[in-house]
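Please read the structure below before turning to the comments.
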Amino acid sequence: MSDLEKNKQTVTSFYDLMFNQCRPAEAIEKYTGATYIQHNPAVSDGKAAFIDYFVRMAREYPGKKVEFRRAIAEGNYVVLHCFQHWPGDRDWAGIDIFRLDDEGKIVEHWDVLQAIPEESANGNTMF
């Protein structure tokens with residue numbers, strides 16, 4: 001398996017474990033490096049803040065899940081195109097960008113989220 005494929009596997013495994021399986025502490029322990037830099041303005045920086053945020057999300061949105069529609073890797077970066085289901089809220093289209101260190105551990109995250117509207121001006125989906 002190439003390094004790019006390994007990086008995609010690391011990132012999707014991390015995301016599935018913390019989001020779908022609601023085990024953010026285990027995801028952080030298993031898949032992140034020495035630091036975890038967060039760029040999402042709704043989540044504080046660092047590992048502990050990440051864990052606290054996703055523990056709260058699991059409690060507030062039981063049954064939430066993410067579907068990976070695309071995974072693109074280049075260098076030490078992996079980009080995921082995701083369909084996020086939030087029961088009791090809207091569904092979201094997301095682009096998550098992860099940077100991995102030279103050991104293949106996740107060390108940084110950015111994301112851009114867009115609510116999926118009920119109607120569209122075109123017949124295409126967001127995926």
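Read-outs: derived from the displayed coordinates by stated rules, not from any lab. Predicted, not measured: the structure shown is a model, and the values here were computed from it. Methodologically, a virtual Cβ is constructed for each residue, glycine included, from the backbone with ideal geometry; neighbour enumeration extends over all protein chains shown.
Here the dipole of the chain is about 260 debye; that uses its Cα centre as origin and unit charges on the Cβ of Lys and Arg (positive) and Asp and Glu (negative). The angle separating the long axis of helix 47-60 from the principal Cα axis of greatest extent in the chain is about 30 degrees. Taking the helices alone, the chain has a mean residue ellipticity at 222 nm of -8500 deg cm²/dmol, built from -39,500 (n - 2.57) per DSSP H run of at least 4 residues and averaged over all its residues. Calculated from the alpha-carbon coordinates, the chain shows an Rg and a Dmax of 14.6, 45 Å respectively.
In whole angstrom, the stretch 52-127 maps to an equivalent ellipsoid with semi-axes of 25, 19, 8, each derived as √(5λ) from the alpha carbon gyration tensor and ordered largest first. If you wrap the Cα atoms of the stretch 1-74 in a convex hull and average its projected area over all directions, you get 5.5 nm².
Let's test the formula: R0 of 30 Å, r as the Cβ-Cβ distance of Asp89 and His39. What FRET efficiency results, to the nearest 0.05? According to the calculation, E is roughly 0.85. Straightening the chain between Lys30 and Ala49 buys 5.2 nm, computed as 0.36 nm per residue apart minus the Cα-Cα spacing.
Applying both filters, DSSP loop and at most 14 other Cβ atoms within 10 Å, to the trypsin sites (Lys or Arg not before Pro) of the stretch 18-127 gives Arg90.
If I fit a long axis through the Cα atoms of helix 3-15 and take the longest principal axis of the Cα atoms of the chain, what angle between them do I get, 0 to 90°, rounded to 10? It is inclined by approximately 60 degrees.
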